[in-house]
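First the structure, in the form of structure tokens, and then the observations on it.
The values are calculated or read from the model by the stated rules, or taken from the named source; none is laboratory data. Here the structure is a predicted model, which is why all the values come from computation and not from measurement. Cβ sites come from the backbone with ideal geometry, for glycine too, and all protein chains shown count toward neighbours.
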């Protein structure tokens, strides 16, 4: 017997959306029941489903965490380095997402939704799914999705319809890419483009990933500028000291040395 093939997202996106969703639902149902599916889920999705089963996430129940209060949300927004690159993310994604009936969502490293913008109709749909500012969209809370799964695997992930572990999210498609701090490699969060399943496009993931990398480059540029400013202040001071000395920033990067 030939081994089953793996789902090809590009081929799925070329299908009628309802048929593609039905194919994925069949794969998910077979995997959850322990049967041998005719087509295997993509590895990143199958691995995520495995994590959800081990953690006891209910595939048929829409579980939502407590929303952050306005004060908690604002505190996280102020503390997030992603705040510095919001203009970059907006300029690159919001107009495109709005035209394509998508929304742009930015989360922190815990999976908490910090910001979102885009189509008003899609924002209302997102509200009905609990995909709103302050919500927790980590994998362990809402299952496989375009926020929580990229946070776990630390690479871009697109999730379409029944690739979402929880059934109530099957009308949704999302593509998310992690953003890391170029100063220390710390995971900062995810930039995600989401919308109704009819809006799936295989190029969305590449777009989101490129914008996430653009944001990282902007953070890197800002860091270099900050180091230059520190060097300008520290170098004359170090020059007056006897012996070896150096000046480093709060992230441990050397700005000046004698």
Would you check if residue 246 is surrounded by fewer than 18 Cβ atoms within 10 Å (Cβ to Cβ), over 30 Å from residue 94 (Cβ atoms) and out of contact with any helix residue (DSSP H, G or I) (no Cβ under 6 Å at 6 or more places or on another chain)? yes
Only unsatisfied item for residue 112, checking (1) within 17 Å of the chain's Cα centre (by Cα); (2) modelled with pLDDT under 95, is (2)
Output the number of the condition that residue 167 fails; it satisfies all remaining conditions of (1) over 16 Å from the mean Cα position of the chain (by Cα); (2) modelled with pLDDT under 90. (2)
Of these, 243, 189, which one is in the same structural domain as residue 17 (by TED's automatic domain parsing) and at positive phi? 189
Residues of the stretch 89-139 classified as over 16 Å from residue 191 (Cβ atoms) and without any contact (Cβ under 8 Å) to a residue 12 or more places away in the chain, total: 5
Tally time: how many residues in the stretch 10-36 are buried (at least 17 other Cβ atoms within 10 Å of the Cβ) and touching a residue at least 24 places away in the same chain (Cβ under 8 Å)? 8
Test: residue in the stretch 202-209 that is in the same structural domain as residue 53 (by TED's automatic domain parsing) and either at pLDDT 95 or above or on the phi > 0 side of the Ramachandran plot (or both): yes
Subset tally (residues that are crowded, with 22+ Cβ neighbours inside 10 Å and part of a loop (DSSP other than H, G, I, E, B)) for the stretch 110-130: 1
Where in the stretch 24-109 are the helices (runs of 4 or more DSSP H), entirely inside, with at least 3 residues that are under 15 Å from residue 167 (Cα atoms) and at pLDDT 90 or above? 43-55
For the stretch 156-172, give me the residue count where each residue is touching a helix residue (DSSP H, G or I) at 6+ places or on another chain (Cβ under 8 Å) and either under 16 Å from residue 209 (Cα atoms) or in a helix (DSSP H, G or I) (or both). 8
Can you name the residue in the stretch 120-156 that is on the phi > 0 side of the Ramachandran plot and at pLDDT 95 or above and, of all such residues, is nearest to the chain's Cα centre (by Cα)? 154
